[in-house]
1. If I ignore ligands, DNA and RNA and count only protein heavy atoms, how much of B:Asp102 is accessible to a 1.4 Å probe, in Å² to the nearest 10?
2. Just the Cα atoms of region A:239-332, one point each, no solvent: what log10 I(q)/I(0) does Debye give at q = 0.16, 0.18, 0.23 Å⁻¹?
3. Build a GNM of chain A with springs between Cα atoms under 10 Å: which of A:Leu153, A:Leu314, A:Leu72 gets the top mean-square fluctuation?
4. Could you give the radius of gyration (one decimal) and Dmax (whole number) of the Cα atoms in region B:103-161, in Å?
5. Taking the Cα centre of region B:53-169 as the origin, how large is its charge dipole in debye, to the nearest 20, when only Lys and Arg (+1) and Asp and Glu (-1) carry charge on their Cβ atoms?
6. Projecting each Cα onto the charge dipole of region B:210-325 (Lys/Arg +1, Asp/Glu -1 at the beta carbon, about the Cα centre), which of B:Phe213, B:Ala240, B:Trp263 comes out farthest on the positive side?
7. Using amide H atoms built in the peptide plane, which far-off residues or other-chain residues are under 5 Å from B:Ile99 H to H?
8. Chain B: D in µm²/s via Stokes-Einstein (Kirkwood Rh, Cα pairs, 10 °C, 1.306 mPa s)?
Amino acid sequence: MGTYGSSQPEIPLTDGTEPDQIPLLQIRELHTQFETKQGTVRAVDGLSLDLYEGEVLGLVGESGCGKTMTALSIMRLLPGNGQAVAGEINFEGKNLLQCSAEEMKQIRGGRIAMIFQEPMTALTPTMTIGRQISEAMEIHLRLSRQEARERALELLEHVGIPSPRERFDNYIHQFSGGMRQRVMIAIAFSCQPRLLLADEPTTALDVTVQAQILDLIKELAQESGMTALFITHDMGIVAGSCDRVAVMYAGRMVENGPVDDVLLNPRHPYTQGLLGSVPSLESEPGDRLYSISGLPPDLVSLPPGCKFWPRCPLADDRCREEEPVLEQYGESRAACWKVMPLRES
Amino acid sequence: MDDQPLLSVQDLVKHFRMPRRNLLRPPDVVRAVDGVSFDISRGKTLGLVGESGCGKTTTGRTILQLMRATSGSVQFGGTDLCQLSDKELRNFRNGMQIIFQDPYASLDPRMTIGKAIAEPLMIHEISKTRDEARERVQELMERVGLNPYFINRYPHEFSGGQRQRIGIARALAVDPDFVVLDEPVSSLDVSIQAQILNLLQDLQDEMELTYLFIAHDLRVVRHISDRIAVMYLGLIVEQAPGLEIYDEPLHPYTQALLSAVPWTDPRLARKHQRIILEGEVSSAVNPPSGCRFHPRCPIAEERCQHESPALREIQPGHWVACHLA
Ligand SMILES: Nc1ncnc2c1ncn2[C@@H]1O[C@H](COP(=O)(O)OP(=O)(O)OP(=O)(O)O)[C@@H](O)[C@H]1O
Ligand SMILES: Nc1ncnc2c1ncn2[C@@H]1O[C@H](COP(=O)(O)OP(=O)(O)O)[C@@H](O)[C@H]1O
Ligand code: SF4
Ligand code: SF4
Ligand SMILES: [Mg+2]
Ligand SMILES: [Mg+2]
């Protein structure tokens, strides 16, 4: 039987304003590039981002804007021809970009865990799911095989896998999409990471399962005081699950701030476009959606000036020549020459 | 509904017989669609929603006779398509088209998009000559927001949103009355989703198209539909005018679905009481007895396990299948 009620917290984890502390994760001027026949793909192009202890930060933008490559740069798991060529990623006093392969192995799955959009690509099809969870704990937490098994069973139960003892020796193809994602979450949480990177963890799932998974991640994060970077293209998920939000376009940040401030008073025309593209409860049937025209730019040959100008309804000569930098507006920051005046509240 | 519906589906059933796994037992039957009825008036949109595997695609494809129904009828402009032979059906093919979720899979990678859009024109002998077809293709491309300059390019040279425009142009080439849209924007970015939704609405107005819009994003469905039907395990459990179902969902399953919608207003997101459905959809091979939703229903009673609730008209035009509604 289902139950009424909600595990959603009434109050967000933090109030969304930047606390006066040293960030847990600090990305400075990150440039991640791919050398291809067409030229250099600037997947991440000067991104700076702070993540504070205990908060959930949403990273949003259209596909191809560099969200996944940001996460993979942090994990140092970029695909073959990709490289973080400049910048710093500071975590617990270390610049991850300078860590040795050996150090990174310890950090991955230990202090920093990642949940991927397609769990099948991240799980081993030939190993039972029980082994996959317990093996990580044997390595990172130095548990004995028996201890790891017990803990893995607890975790499976905790993430909502029914009859975990029977499912322990199953293979991943025996699970549904939602169950696979639960297994991924069990693995991610198994070594009590301080930082969780979740890359579109629910994009492939039904809304009902999506709600279950988001609540589960939030609950586990709150229990353990973990910090999370939540990558999504859906502003609705940001609204329901994040404290702060950072909007990315063409490999850079164009706006960030507390969720309420950014979603209710978006300053950047791109953020306004992303929000307007999603039908709301206020829209009447038959209304036209506010849509962003055109496509994201080719990352091999970015336009001069503001990268958004070819699609921006407000663009003028200055936009086409000079690139705007992030400026503070109230509690948020936006990079646009023509930030809208604040809506009266 | 005020006027004669263009499409009227009655008690539609589609079962799939699975290969026999055990010779001592009868073969498994997947009851993908198990008695579905609805009408769609000309120029209107019915939104069909429900979790993965509940039978939405099967419903759409069976209506178009892309697969034959196990039983039931599909009246299209007064003719029961289920009774027609394959040959007789050919005359109706132009009138009905389908647009898929994955535009890439539905386009031949070795065919230029000009040829792909022209194909239905030539097959159905709508354009008599090549030049005529070419002219019509250019017109269609412009209409769906593609630059006719790209007529000789191949599908892989286009983005997802552009490929969906190609799919739309191809479907509209034969000037249909009725279009099944099966998750037409699910694989697209929100920004591109909005462009395509606007396009579909404009085309509907101009061409008086009738849509069956299949989707699982209830924000999108609310935006585009006149009526909405909610499916669960092969059955429609609630059907009502669009806004009414959002304002006053009467079936516990609809209530749960709506409570999980990620609206973009953070105040709404926090205020919303989520109804978390436990477990997953039951199997369509052995659907639960009584009300098929009872194993997950938060308010199920004893009789829900034995008696299956009939669809009842609770308010004018608002149908619900629940003992307690
Ligand atoms: N050719 C087939 N043979 C056997 N079973 C099938 C076949 N096609 C569909 N089914 C089954 O019928 C049921 C309904 O499938 P259908 O594709 O209509 O669902 P859907 O609502 O469109 O789901 P989704 O949202 O995932 O697209 C599912 O249980 C599916 O596995
Ligand atoms: N292996 C690769 N080779 C070349 N370009 C790549 C590769 N992987 C990703 N990219 C490019 O990097 C950019 C950012 O990609 P990604 O971070 O995956 O975007 P997002 O996660 O925001 O959708 C895209 O333009 C993508 O095409
Ligand atoms: S800087 Fe100019 S082009 Fe860029 S977003 Fe602002 S108004 Fe638009
Ligand atoms: S009939 Fe019973 S089990 Fe079915 S939806 Fe209504 S209350 Fe729930
Ligand atoms: Mg990605
Ligand atoms: Mg389907």
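The values are calculated or read from the model by the stated rules, or taken from the named source; none is laboratory data. If you're wondering where the values come from, they're calculated on a predicted model, not measured in any experiment. So basically every Cβ, Gly included, is an ideal-geometry build from the backbone, and we count neighbours across all protein chains shown. Heavy atoms of the whole protein, side chains included, go into the accessibility calculation; ligands, DNA and RNA do not. Shrake-Rupley method; radii C 1.70, N 1.55, O 1.52, S 1.80 Å.
1. About 80 Å², ignoring ligands and nucleic acids.
2. One equal scatterer on each Cα of region A:239-332 leads to -0.75, -0.92, -1.29.
3. Judging by the Gaussian network model, the answer is A:Leu314.
4. Cα-based Rg and Dmax for region B:103-161 come out at 11.2, 31 Å.
5. 180 debye
6. B:Trp263
7. Here the answer is B:Val180, B:Leu181, B:Asp182, since their amide H atoms fall under 5 Å of that of B:Ile99.
8. Calculated translational D: 75 µm²/s.
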